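Working notes, structure below.
Read the figures in this text as sums done on the coordinates, not as results from a lab. Computed from a predicted structure; not experimentally measured. Reconstructed Cβ throughout: ideal geometry from the backbone, glycine too, with neighbour counts over all protein chains shown.
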């Protein structure tokens, strides 16, 4: 290997891929990034065996070659270099990195030992606008579980239902469902939420169409010159639709910012009770009020004006309410429920393509 | 107690004092702030027994009184309220805090149980411009030790020497000395670095003259309507002046930003060796170069142009070099040393009022 690359391009590519290289893995080479010349361009890649990310950048290549080097050191080093041209030269397993004022040698491990994820031979393909996918993932991915005991809940469920494409995530305490529009093909895949988080980071740097291809085992997201491949989660996603109430005894429409603020203030008094707050909707007073009690510290009641139909109360975890409110669109929120035992639904007042469902706490 | 205060003033005062209230203390009341009417104004105060901070704010007082309430809850709550007027009313030991939309009750502990630091009856007083004191403290306080085994090194040594006032701190690995100008009185006090850190935070909010009064036991800093009292550290400060070399065999003048950058890059390869980097000054090549070696990972050499007199090398902890460079003034730095065994000195090329001294590592 003997090539020249700009500091800007190499630093950006390392920033995209190095995050998934992991020093805590039992396989030491997984702490490395793969640097490899392919067809007169330079490929920077990393994998944790569940997810692989590859970024291809332009390069002036005088000699082909491949090596893996420690991801964190390589990324920190290249990002600290001044902008300009960097020369990479491989001598045996040692990568020489040099600029005008910096000469460095990093000891590598042979690229032949680096694990490769199988290619997707022949799968279903569709395309979606990058910013639409980004927005949708931001609204959904936070509701996925991180508990490996129920693997299906650690995924984002991408599927078609009655001609529309949906993304759903739930950790069984709250659920987020986003409709991405109509789709004629039938689709049904369960993508790890961690892969979706990595995809989100990539989408924040690229404003391009995303091409998605999947087979039974894997899914490939292609954005610009970046590819992310993830192993799909196996298993049957729960029949979540029957958990979402269709009609409501009580519904309140109010300013999202005000509901955020009274929830935040109330949560200060709910630290002793694991975030438990009681939300009351009052038709006559035309307000939503939140009450929280900390037996040692004191108590709080906060209220906000609202258009209310019906009336009543429900006890919720304040953190889940804040998480839900944070990803809603628009200035106004519609907050609806059926008494203290059924899940409540948060949605933007002016759109129907996103629902955030929260299970009540016993009060 | 029955009074009205603006959310802005109360939130700012709580922000100034609440930080030193400590929930980990064995005395539960030290997790509280004291709220007390004094001469038609409102006093907000906290102490950790070593340091006490008091902030006096304007208030419309209908009834006098005093109470202590949990500092963190009170601060978080008031800072979350919308701007406007807040009413505080005390009923027995319960503080009622209310605005238009928020009603809250916080359980307090009697103000009579709150510890009071003794007043400074009759001490030496001097004044210094707030921004000058702030700048000087920023340059010095980071070099103090946090190791309670040698209490004198956890202080900032404020003293006069040959007609000038100095502030000094050292943890025995590095030393920072700032001259604040001439002073005719003799002064000699050792202020806890933690109190100086608190004073720095206060100075960042106030651009006013600071009045300093001390006796044998305590020092009082008064800035605007804020007062900070700290217990002085007892003991003899080391005779640090004999450790600072007066003449140098090698000296290099170079751009501070370039020395920062080559030190940072070199430190990436010095993680295995506890930050050890070797700096060489070369008269003929007119450059300073830094070499670091990580036996497992690789090695690095980085250089920057410099005006060099003499020549040679010294091995230092890269973190101390970066800490020192960060608090220097000006674009150019003067880096001077006498071989590998004596301390080196970093200073701004164009001023003599600040020295940063670093002990070498064995290489």
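Considering all C-alpha pairs of region B:28-75, those separated by over 18 Å amount to 28%. What shape does region B:262-329 take by its C-alpha gyration tensor, where a ≥ b ≥ c are the square roots of the eigenvalues and a/c under 1.5 counts as rounded, a/b above b/c as prolate, and the rest as oblate? The shape class here is oblate. Once you place label points 7 Å from the Cα toward the Cβ at residue A:173 and residue B:225, how far apart are they in nm? Here the answer is 4.2 nm between the modelled labels. Grab the beta carbon distance between residue A:23 and residue A:241, set R0 = 30 Å, and tell me the FRET efficiency rounded to 0.05. Efficiency, rounded to the nearest 0.05: 0.10.
Taking the alpha carbon gyration tensor of chain B, what are the square roots of 5 times its eigenvalues, largest first, to the nearest whole Å? Don't skip to the answer; put the middle values down first.
Values: eigenvalues 450, 104, 62 Å².
The equivalent ellipsoid of chain B has semi-axes of 47, 23, 18 Å.
Remark on region B:232-273: Rg and Dmax equal 17.2, 41 Å (Cα only). Between residue B:83 and residue B:162, the contour length at 0.36 nm per residue exceeds the Cα-Cα span by 23.2 nm. Divided by 2.2 N^0.38 Å, where N counts the residues, the Cα radius of gyration of region B:124-242 comes to 0.98. Approximating the spin labels as points 7 Å out from Cα along Cα→Cβ, the residue B:319-to-residue B:215 distance works out to 4.0 nm. For chain A, the longest principal axis of the C-alpha atoms and the axis of helix A:7-17 are separated by about 50°. Does region B:62-135 come out rounded, prolate or oblate, given a ≥ b ≥ c as the square roots of the eigenvalues of its C-alpha gyration tensor, rounded meaning a/c under 1.5 and, failing that, prolate meaning a/b above b/c? Here region B:62-135 falls in the oblate category.
Separation of region B:57-90 from region A:305-357 is 31 Å, based on Cα centroids. Rounded to 0.05, the FRET efficiency of the residue A:2 and residue A:39 pair, given R0 = 25 Å and the Cβ-Cβ distance, is 0.95. Dimensions of region A:131-178 along the principal axes, based on C-alpha atoms and rounded to the nearest Å, stand at 31, 23, 15, largest first.
Kirkwood radius, region B:92-164, all distinct C-alpha pairs, inverse of mean reciprocal distance: 18.0 Å.
Using the Kirkwood radius over Cα pairs, work out the Stokes-Einstein diffusion coefficient for region B:297-360 at 4 °C and 1.567 mPa s, in µm²/s as a whole number.
Working: Rh = 12.9 Å.
It comes out at roughly 100 µm²/s.
With neighbour counts taken as other beta-carbon atoms within 10 Å, the residues B:56, B:223 rank, fewest first, as B:56, B:223.
Helix content alone sets the calculated 222 nm mean residue ellipticity of chain B: runs of n ≥ 4 DSSP H residues at -39500 (n - 2.57) each, divided across all residues, give -5500 deg cm²/dmol. As a rough footprinting exposure proxy, the listed residues A:341, A:361, B:199, A:153 were ranked by other beta carbons within 10 Å of their own, and the order from fewest upward is A:341, A:361, A:153, B:199.
Scaled against 2.2 N^0.38 Å for its residue count N, the alpha carbon radius of gyration of the protein assembly as shown is 1.18. Across region A:2-113 the C-alpha pair distances fall into 10 Å bins from zero in the proportions 15, 53, 28, 3 percent.
If you line up the long axis of helix B:71-80 against the longest principal axis of chain B, both from Cα atoms, how many degrees apart are they, to the nearest 10? Tilt of helix B:71-80: around 80 degrees.
Once you keep just the Cα pairs under 8 angstrom separated by 6 or more residues, what percentage relative contact order results for region B:146-216?
On the way: 90 pairs, mean separation 19.2, N = 71.
Here the relative contact order equals 27 percent.
The relative contact order of region B:124-242 comes to 28 percent, based on Cα pairs under 8 Å that sit 6 or more residues apart.
Quote the relative contact order of chain A in percent (integer), defining contacts as alpha-carbon pairs under 8 Å separated by 6+ residues.
It comes to 12 percent, rounded to a whole number.
For region B:245-358, the convex hull spanned by the alpha carbon atoms encloses 86 Å³ per residue.
Helix B:193-203 and the longest principal axis of the C-alpha atoms of chain B enclose an angle of approximately 70°. Each part gets one Cα centre, and for region B:112-134 versus region A:171-250 those centres are 60 Å apart.
Can you sort B:196, A:117 by how many other beta carbons sit within 10 Å, fewest first?
On the way: B:196 25, A:117 18.
Ascending number of Cβ neighbours within 10 Å: A:117, B:196.
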